[in-house]
Amino acid sequence: MPQTEPFEKHPNLYEEWFTQNQYTYKSDVEAAHHHLLPESRGLEVGVGGSLFAVPLFIDGIEPADKMRSRVKKCGFEMAKGIAKTLLSGDNSHDFTLMVTTACFLNNVQKSIEEAWRVIKTGGKLTFDLDDKNRTVGISHKEYQYEYVL
């Protein structure tokens, strides 16, 4: 079962951190954009409020109903799905992006394997982890999970 409870209970909390730390957010989007090839097809796993998928013009999946609802209000359709069983076909994307997703995964290894499965040969997996001592990590401490690869 996906760890959606934090996003169903507090859908604004995740985006608030990025709003309050716009330079970090813009830097993260620019860093991701820097690795994109023109006309490449990407998939973001765990889209949240689409802070990365929309500006990067990529596909995405999100298990939390409230987060998908927020994205839809912005005119962007988001598929319901979870990281360990992606709906995309083998070799269907040039890259997969997972931003601040790992701490909400039940099976990190399976999720990473799935992310690689949908990436074309030579593609990239961008896996963004937030340090638990970083401001976003501290503000989301009650939602942190430990995992071992």
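A short reminder: the numbers here are calculations on the coordinates, not readings from a lab. Quick caveat, the model's predicted, so the values are computed rather than measured. Neighbour counts are summed over all protein chains in view; Cβ atoms, including those assigned to glycine, are modelled from backbone coordinates with ideal geometry.
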Next item on the list: Could you calculate, for the stretch 44-94, the ratio of the Cα radius of gyration to the Kirkwood radius, expressed as Rg to Rh?
Entry: 0.95
Checklist line | Using a Förster distance of 30 Å, the FRET efficiency for residue 39-residue 128 (Cβ separation, nearest 0.05) | finding: 0.80
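How much length is gained if the chain between residue 85 and residue 107 is pulled fully straight, taking 0.36 nm per residue apart and subtracting their Cα-Cα distance, in nm to one decimal?
Gain on extension, residue 85 to residue 107, equals 6.9 nm.
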Check: What ³J(HN,Hα) values, in whole Hz, does the Karplus curve 6.51 cos²θ - 1.76 cosθ + 1.60 give for the stretch 5-18 when θ = phi - 60°, with x put for Gly and Pro?
Finding: 3, x, 7, 6, 7, 9, x, 8, 4, 4, 5, 4, 4, 5
Margin query: Using only alpha-carbon positions, what ratio does the radius of gyration of the stretch 5-141 give when scaled by 2.2 N^0.38 Å?
Written below: 0.99
Item checked: Amide H within-cut-off set for residue 106, under 5 Å, with H built and near neighbours excluded -> 3
Check: In terms of modelled amide H atoms, which long-range or inter-chain residues lie less than 5 Å from the amide H of residue 124?
Finding: 95, 96
